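K.L.:
One structure, pasted below without further comment.
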Protein chains: 2
Amino acid sequence: METTVRNKQVILKHYINGFPEESDLMIVTAPDAMEVKVKPGSSTILVKNLFLSCDPYMGTFMREPDSGSSEVAVETLSLLDAFIPGKPIAGVGVSEVIDSDDPCFAKGDFVWGIVDWEEYSTVNSFGRFKIDISINVPLSYYTGILSVTGLTAYAGFFEICSPKKGEAVFVSAAAGAVGQLVGQFAKLMGCYVVGSAGSKQKVDLLLNKFGFDDAFNYKEEPDLDAALNRCLPQGIDIYFENVGGKMLDSVLMNMKVHGRIAVCGMISQYHIETQEGIKNLPVVVYKRIKMQGFLAFDFIDKFPKYLEFVLPYLKERKLVYVEDIVEGLENGPAALVGLFHGQNIGKQVLKIA
Amino acid sequence: METTVRNKQVILKHYINGFPEESDLMIVTAPDAMEVKVKPGSSTILVKNLFLSCDPYMGTFMREPDSGSSEVAVETLSLLDAFIPGKPIAGVGVSEVIDSDDPCFAKGDFVWGIVDWEEYSTVNSFGRFKIDISINVPLSYYTGILSVTGLTAYAGFFEICSPKKGEAVFVSAAAGAVGQLVGQFAKLMGCYVVGSAGSKQKVDLLLNKFGFDDAFNYKEEPDLDAALNRCLPQGIDIYFENVGGKMLDSVLMNMKVHGRIAVCGMISQYHIETQEGIKNLPVVVYKRIKMQGFLAFDFIDKFPKYLEFVLPYLKERKLVYVEDIVEGLENGPAALVGLFHGQNIGKQVLKIA
């Protein structure tokens, strides 16, 4: 191990307006070397980042804070602030402790939490989780199924939707980081589960790997309402919403009375200039639908309960988790931007060490 | 009392497409006389209807059942079906028992429940509530504050929105049957309450009779977003939704994190050809908003609890209730249609005997 390094970072060049593009980000190597140790008395931890999570919310964090969506996004997360031009972007990451002035963490520990997109970070213990390496799973899972992504699927499906055995569940972006888990959780609960995704390959995954009962490629359906009605002729009890726009409008027409919609995201709407209006919202009254937006961070107290739930299934191989791992910090911008065009298959992860 | 009568009814002439109009209904007097008594062994009750409630949902019941909104409305209510052309329309009514073959009801009792819009009805006991006349309030209140309307305000505000002292509450259609109660309940809870309505006279009522902290006439506000921001600069914790459309879009932009929206109705959207799209729905994610449609009928088991809550306030005159009473069955169509143009001030009631 070197005693000094020149840290490499992924920097936001400027606030964005439309979709995030690779050119909105740049890779910068620090001109000066940094010592690979923490200041005594600083109570900080120096970590080497191994895996970085690519998540859709990061796109909204690239917008100027007073320009609508980003502004509200910012006030919602206490662990993470909107990105600042000239500074690194940030997100969930898995890291190895290189040096520590915090008695709770020791050199050689593995941790996950929010980190800047860079090779080495000086962080504190707030919101930092120690990884139990005796659980024999890939470390990258702590950006996904064993981290905020997993908690997102768990909280949205169980806490917000209160599923019952036999209910009909529909998941959009179902082959994504969260969707694949919601679908599998729903199957474990004894639900009938249908998913939508944007390619034949993803639809195959849903049917053959994740055990969905039915699935369709939304890009090949001229009429989403008809596709939903074909797959779920009795209607939908639970919709796990990841996309928004036309899909939501069609789902509303297919919801059952007392249906529940966990609004995890509306990725189709984040970066377009004019939002597609949702026209079928009066259905919410007629059918007494509950629709609730949420962020996993609000359910962080449920994280231990989630691990108790998920780890046995993972050990017994009753759950699978598909990751799309890109290597190298310099490929981070492309990996992140690809999310907004559905290029990832499964959880998008960036491996940087 | 006559022994036979020729019953007068308000009949639906045909299914409607756009807004309900007076010409969609007609007053018909039965060609044959009916005896003013029940058949022995029928277990039925013959009632003389005194007051009929005019409610916005009745408009959606005038649409053809397989044409969208009405279809879904129908499957929601077990006590009430969509109206049928050639037959009387129906709704909540207060009646006097004239003759009874049901041991639970006696001649001279007053009851409320769903009745056809006619002078005399033969009904059964299902969903029929006996009125305790020792409670010294106008009988017409059993179409409103002491009936489904009151339960609507109570269930939507307390059960769905879980209000806390000091929270900021916004109510649309605030001078209406439900809105005036929500506003007063919110004040009793120690909330800061703002309402919108469609005339100066209604805004005056909100401020001077119902005790709202602030109010505005939405018809005189070129920018609803600005109006909300002016009245509730810190944002909205609870929105009691009665109108939909542009108001909802503006409210979404002004909601606080973890806000709650009880969707009681979207009267602006029921009878227009093309629904106004709601563009700001992604805010539901950023701000983790819960939005829930409901019908009072789902909370009918809470009715005794509601009466326990509301009666003491009513007796102590800590609650007021404004009704807009029109007399005569022949004026029913105009009274009902007027709802969709905001002509009523307070609860629209039809007095027919």
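K.L.:
Quick check on my filter: what residues within the stretch A:219-247 are among the polar types (S, T, N, Q), surrounded by 15 or more Cβ atoms within 10 Å (Cβ to Cβ) and more than 28 Å from A:Gly150 (Cβ to Cβ)? Give the derivation first.
P.N.:
Residues of the stretch A:219-247 that are among the polar types (S, T, N, Q), as a first pass: A:229, A:234, A:242.
Then drop every residue that is not surrounded by 15 or more Cβ atoms within 10 Å (Cβ to Cβ), which leaves A:229, A:242.
Matches in the stretch A:219-247: A:Asn229 only.
K.L.:
So, A:Val322, is that one within 17 Å of the chain's Cα centre (by Cα) and surrounded by fewer than 19 Cβ atoms within 10 Å (Cβ to Cβ) or not?
P.N.:
So A:Val322 fits the description; yes.
K.L.:
Go through (1) surrounded by 21 or more Cβ atoms within 10 Å (Cβ to Cβ); (2) more than 14 Å from chain A (Cβ to nearest Cβ); (3) modelled with pLDDT under 95 for B:Gly342 and report which single condition fails.
P.N.:
The one condition B:Gly342 does not meet is (1).
K.L.:
While we're looking at this one, here's another question. Being more than 17 Å from A:Val263 (Cα to Cα) and hydroxyl-bearing (Ser, Thr, Tyr): is that true of B:Tyr239 here? Even if it seems obvious, please write down each step before you answer.
P.N.:
Working: more than 17 Å from A:Val263 (Cα to Cα): yes; hydroxyl-bearing (Ser, Thr, Tyr): yes.
When the stated conditions are applied, B:Tyr239 passes them.
K.L.:
Would you check if B:Phe170 is in a helix (DSSP H, G or I) and not acidic (Asp, Glu)?
P.N.:
Values: in a helix (DSSP H, G or I): no; not acidic (Asp, Glu): yes.
In short, no.
K.L.:
If you don't mind, another one. Considering only residues that are touching a strand residue (DSSP E or B) at 6+ places or on another chain (Cβ under 9 Å) and either part of a helix (DSSP H, G or I) or outside the structural domain of A:Ile89 (by TED's automatic domain parsing) (or both), which ones fall in the stretch A:20-37?
P.N.:
Within the stretch A:20-37, A:Asp24 is the sole residue that qualifies.
K.L.:
Quick check on my filter: what residues within the stretch A:258-279 are over 24 Å from A:Leu339 (Cβ atoms) and open to solvent by less than 40 Å² (accessible area, probe 1.4 Å)?
P.N.:
At the first step, the residues of the stretch A:258-279 found to be over 24 Å from A:Leu339 (Cβ atoms) are A:258-260, A:277, A:279.
The answer is A:Gly259, A:Arg260, A:Gly277.
K.L.:
Consider B:Gly293 carefully, then state whether it is closer than 26 Å to B:Ser250 by Cβ and buried (at least 16 other Cβ atoms within 10 Å of the Cβ). So that I can check it myself, show each step before the final result.
P.N.:
Numbers: closer than 26 Å to B:Ser250 by Cβ: yes; buried (at least 16 other Cβ atoms within 10 Å of the Cβ): yes.
Against the criterion (closer than 26 Å to B:Ser250 by Cβ and buried (at least 16 other Cβ atoms within 10 Å of the Cβ)), B:Gly293 qualifies.
K.L.:
Given the criteria within 24 Å of B:Lys202 (Cα to Cα) and in the same structural domain as B:Gly198 (by TED's automatic domain parsing), does B:Tyr239 qualify?
P.N.:
Values: within 24 Å of B:Lys202 (Cα to Cα): yes; in the same structural domain as B:Gly198 (by TED's automatic domain parsing): yes.
So B:Tyr239 fits the description; yes.
K.L.:
Moving to a separate point now. Of the conditions (1) among the charged types (D, E, K, R); (2) closer than 23 Å to B:Leu314 by Cβ; (3) not in a helix (DSSP H, G or I), B:Asp204 fails just one. Which one is it?
P.N.:
Every listed condition holds for B:Asp204 apart from (3).
K.L.:
Is there a residue in the stretch B:19-38 that is surrounded by 14 or more Cβ atoms within 10 Å (Cβ to Cβ) and hydroxyl-bearing (Ser, Thr, Tyr)?
P.N.:
Scanning the stretch B:19-38, I find no residue that is surrounded by 14 or more Cβ atoms within 10 Å (Cβ to Cβ) and hydroxyl-bearing (Ser, Thr, Tyr), so the answer is no.
K.L.:
Do any helices (runs of 4 or more DSSP H) entirely within the stretch B:213-316 hold 3 or more residues that are more than 9 Å from chain A (Cβ to nearest Cβ) and farther than 17 Å from B:Cys161 by Cα, and if so, which?
P.N.:
Working: elements: B:224-231, B:245-254, B:283-286, B:303-315.
In the stretch B:213-316, B:224-231, B:245-254, B:303-315 are the helices (runs of 4 or more DSSP H) which contain 3 or more residues that are more than 9 Å from chain A (Cβ to nearest Cβ) and farther than 17 Å from B:Cys161 by Cα.
K.L.:
Another question, then. Out of the stretch B:317-352, which residues are over 22 Å from B:Lys202 (Cβ atoms) and in a helix (DSSP H, G or I)?
P.N.:
Residues satisfying the conditions are B:Leu329, B:Glu330, B:Gly332, B:Pro333.
K.L.:
Residues being open to solvent by less than 70 Å² (accessible area, probe 1.4 Å) and within 20 Å of A:Leu46 (Cβ to Cβ): count how many of those fall in the stretch A:5-18. If you could, list the steps in order and put the result at the bottom.
P.N.:
Here is the first cut: in the stretch A:5-18, the ones open to solvent by less than 70 Å² (accessible area, probe 1.4 Å) are A:5, A:7-12, A:16, A:18.
Pick out the ones that are also within 20 Å of A:Leu46 (Cβ to Cβ) and you get A:5, A:7-10.
Adding up the residues that qualify gives 5.
The values are calculated or read from the model by the stated rules, or taken from the named source; none is laboratory data. Just so it is clear, the structure is predicted and the values come from calculations on it, not from any experiment. Note: ideal-geometry Cβ built from the backbone for every residue, glycine included; neighbour counts use all protein chains shown. Just the protein is used for accessible areas: all its heavy atoms, side chains included, with ligands, DNA and RNA removed. Shrake-Rupley method; radii C 1.70, N 1.55, O 1.52, S 1.80 Å.
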